[in-house]
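In what follows, a structure is listed as structure tokens, so that the remarks can point back to it.
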Amino acid sequence: PFLPFVYFFFAVGSWVKAIFEAMVAVPLWALAHLRIDGDGLPGDAASNGYFLILEIFIRPILSVVGLVAAISIFSTQVRVLNLIWDMVTANVAGFSDSDIFATLIGNDVMFKGTPLDQFFYTIIYTIVCYMLAVSSFKLIDKIPDNILRWAGSGVSSFGDIDQDHVESLNRYVATGGMT
């Protein structure tokens, strides 16, 4: 539950940064309207500003859409992982022909493993779930950052050039743990 909060918190932070970027850049954008050498009223110099204003208005909505999409994708992935995890751990050591026959008649005691094996499978399961969560909850940032490409805009805001905050947080925690 903490990972979606962190991603959503940083998405709100990048939206606030985009608002402050717009407050500083609006006078420059107004000056860009003085050049009218392109097609239409705003011209080529000022057209990207409209996409940035559009991004400011739709970023909160797209962050919520990204949150809902990330939660649904993550829950589906974990449900499928839960369904196949027993089969994965049973197949780790491989099968021989007699093992398959023993499984067909219901003698699968040999595939349970030792408690130490189960402990390490649990650690691997946790790592896989964490990787699924990180890849899913990146949608909270990625959907608002990349949605203007669908409108044909080549403009990028501060949110587009930021690094992934959760990955840098993980790197800092790992570095602190090593020291």
* Asked: If only one of Val65, Val78 is at pLDDT 90 or above, under 27 Å from Phe20 (Cα atoms), of a type outside the set (Gly, Ala, Ser) and surrounded by 15 or more Cβ atoms within 10 Å (Cβ to Cβ), which one is it?
  -> Val65
* Going through the range 37-61 one residue at a time, which ones are modelled with pLDDT under 85 and exposed (fewer than 13 other Cβ atoms within 10 Å of the Cβ)? -> Asp37, Gly38, Asp39, Gly40, Leu41
* **Sole exception among (1) open to solvent by 50 Å² or more (accessible area, probe 1.4 Å); (2) modelled with pLDDT under 60; (3) under 30 Å from Leu52 (Cβ atoms); (4) among the β-branched types (Val, Ile, Thr) for Thr103, by number** => (3)
* Asked: Which condition does Phe111 not pass, out of (1) at pLDDT 90 or above; (2) crowded, with 16+ Cβ neighbours inside 10 Å, if it passes all the others?
  -> (1)
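Can you tell me which residues in the range 115-146 are more than 14 Å from the chain's Cα centre (by Cα) and either under 30 Å from Glu55 (Cα atoms) or open to solvent by less than 70 Å² (accessible area, probe 1.4 Å) (or both)?
First pass over the range 115-146, keeping only residues more than 14 Å from the chain's Cα centre (by Cα): 115-128.
Asp117, Tyr121, Ile123, Tyr125, Val128 - these are the residues of the range 115-146 that are more than 14 Å from the chain's Cα centre (by Cα) and either under 30 Å from Glu55 (Cα atoms) or open to solvent by less than 70 Å² (accessible area, probe 1.4 Å) (or both).
Only one of Asn170, Asn146 is in a helix (DSSP H, G or I) and either within 25 Å of Val78 (Cα to Cα) or at pLDDT below 75 (or both); which? Walk me through how you get there before you give the answer.
Numbers: Asn146 fails: either within 25 Å of Val78 (Cα to Cα) or at pLDDT below 75 (or both).
Result: Asn170 is the single residue among Asn170, Asn146 that is in a helix (DSSP H, G or I) and either within 25 Å of Val78 (Cα to Cα) or at pLDDT below 75 (or both).
The values are calculated or read from the model by the stated rules, or taken from the named source; none is laboratory data. Here the structure is a predicted model, which means the values were calculated and not measured. When we count neighbours, we look across all protein chains shown, and the Cβ atoms used for this are built from the backbone with ideal geometry, even at glycine. All accessible areas refer to the heavy atoms of the entire protein, side chains included, with ligands and DNA or RNA removed. Shrake-Rupley method; radii C 1.70, N 1.55, O 1.52, S 1.80 Å.
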